[in-house]
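The values are calculated or read from the model by the stated rules, or taken from the named source; none is laboratory data. Remember, predicted model here, so these are calculated numbers, not experimental data. Positions of Cβ are generated from backbone atoms using ideal geometry, with glycine treated the same way; all protein chains shown enter the neighbour counts. Heavy atoms of the whole protein, side chains included, go into the accessibility calculation; ligands, DNA and RNA do not. Shrake-Rupley method; radii C 1.70, N 1.55, O 1.52, S 1.80 Å.
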Amino acid sequence: MAQDSVDFSSHYQFWMQKLSVWEHASTLETQQDTCLHLPRFQEFLRQMYEVLKELNSSTIIERFPTIGQLLAKTCWNPFILAFDESQKILIWCLCCLINKEPQNSEESKLNSWTRGLLSQILSAFRFDTKEVDLFIQSLGYTPEDYCPGLLKNMVLSLVSELRENHLNGFNTQRRKKISLPTSAVVCLWLRHLPSLEKATLHLFEKLISSERNFLRRIEYFLKDSLLPEAACHPAIFRIVDEMFRYVLLETDGAPEVLAAIQVFTQCFVEALEKKNKQLKFTLKTYFPYASPSLVMVLLQHPKEIPQELWLQTLKHISEMLREIVEDQTHRSYGGPFECWFLFIHFGGWADIAAEQLVMSETESSEALLWLLAFSYSPRDGSLQRAQTMVELKAALIHLKKLFRSPTLSAKDLQAVAAESPDRDPRPALCQQLSRRLLLNFLLWAPGGHAIAWEVITLVAPTDEITHEIIGFLDQTLYRWDHLCEEAPRSRKLARELLAELHASSTSQLKVGRGCRDQDP
């Protein structure tokens, strides 16, 4: 006991400083530092418990006035909570602060505060019944009849599986998998991180294995994986989000990964709203290194905002992002990449910005152009991004002149996205963004429908651009469905173009495979 007390006291300030750094820093190096120190910090928690269990709550507060801050910072760190037995030891430490017979208002407040932290952890983690019984009665909670229900569910699943196998002649390809309650899966993932990592990697394999996954199919894979629902717990969200970040960096921002992140976030937000009418965890717990006000704005679903206010919201998002990205005083929220990584979680706003640029007559184009340029190339400096905006503005002015034109020709519109022999080649980013504006023009301009297919065949000379256009049309239809957008003519055209391009792409792929099969 004496040695534990000496070790605990000597290490106390060190870990208090570490927790403060981990709470406020936003770099990957800090997260790596957190993971590196997790075993040592767990040992520190053990020493803390050995000291605290010998003292009453009043003595604890008297000897360690800032222990509440230390425990609170620990409770809000998902890396610590997800590591080994740290969450269990943390609960033991918190129980030491509870005074069974409070003598004054201060002790009652301490009890209430401690019970709040314990309630947060208990609502998210599941423990063995014997462990829970040690302290659950003193907190006033009713133990869940959890394990018998889980066992019953597993047995019923196995019986159904065996019956199905018997009827199908043990055809393993048609087996029913064992289904577990989401709470059991979350419990497993929180207590055994490799299983969570394996489930996430299995999801990535599904998303990548198919030649072309449309967003509806991505959404199905995501919901079937249970990851969006499980991510309502911040520790799981942060781990899955970090894995998405890694894949995004490894694939250099592949469109398929960007789409998966966007759909994952959408499913996660839906699960969060369904599970908690009032958030159990603060948004800072999910996005600890982002501006809270920016997160609040991005979390607003466009469907909940009147369309006449979309431009105002987009302008606000653009101004907030631009201030953080270009103003050196906001480094606490990370650099351009961190802001971009947050923004792409809610990438639907960038798609709406491109749409509004073509359709709107107001003077908000500067903010929207910046938002569009940043969303597609976050690493560009201010000068390079300004040049991109100049190119896009020229294309936009050309499109707006033609928007109400009674007669349109494919050649007129081809000039927006195609290269001209009279000038230097444009950067690939400018070409891609110009195509995005052009495609929105074709869907919304009164005269765009008649020449849409001709224009697309002119501006899509390669398979890569064809796949880009297929992705745009699929994403647009998916977004319109979620927004309940009433645009029958535009929706009909988008579906026809998507079906035609997909059929053309599939037939070319089959021809290519046939040629390869005939090669000696």
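Taken together, Leu258, Leu201 contain a single residue that is under 14 Å from the mean Cα position of the chain (by Cα) and either open to solvent by 20 Å² or more (accessible area, probe 1.4 Å) or modelled with pLDDT under 90 (or both), which is Leu258. Checking Leu122, Leu110, Leu117 one by one, the residue that is open to solvent by less than 40 Å² (accessible area, probe 1.4 Å), in a helix (DSSP H, G or I) and modelled with pLDDT of 85 or more is Leu110 and no other. Scoring Leu437 on the criteria (1) modelled with pLDDT under 80; (2) closer than 27 Å to Trp453 by Cβ; (3) out of contact with any Pro (no Cβ under 8 Å at 6 or more places or on another chain) leaves a single failure, condition (1). Per the listing Thr388, Thr407, the residue uniquely closer than 29 Å to Ala260 by Cβ and either touching a helix residue (DSSP H, G or I) at 6+ places or on another chain (Cβ under 6 Å) or surrounded by fewer than 20 Cβ atoms within 10 Å (Cβ to Cβ) (or both) is Thr388.
Looking at Val295, Val390, which one is assigned to a helix (DSSP H, G or I), farther than 30 Å from Glu273 by Cβ and aliphatic (A, V, I, L, M)?
Criteria check complete, one pass: Val390.
Filtering the range 241-255 to residues that are part of a helix (DSSP H, G or I) and open to solvent by 20 Å² or more (accessible area, probe 1.4 Å) leaves Glu242, Met243, Arg245, Tyr246, Val247, Leu249, Glu250, Pro255. Candidates in the range 214-240 are the residues that are charged (D, E, K, R) and closer than 24 Å to Asp474 by Cβ; of these, the one that is surrounded by the most Cβ atoms within 10 Å (Cβ to Cβ) is Glu219. Here is a check on your reading of the model: is Thr457 among the β-branched types (Val, Ile, Thr), surrounded by fewer than 17 Cβ atoms within 10 Å (Cβ to Cβ) and either modelled with pLDDT of 85 or more or within 23 Å of Arg491 (Cβ to Cβ) (or both)? Yes; evaluated as a whole, the condition is true for this residue. Would you be able to say whether some residue in the range 358-372 is surrounded by fewer than 19 Cβ atoms within 10 Å (Cβ to Cβ) and among the aromatic types (Phe, Trp, Tyr)? For the range 358-372, residues surrounded by fewer than 19 Cβ atoms within 10 Å (Cβ to Cβ) and among the aromatic types (Phe, Trp, Tyr): absent.
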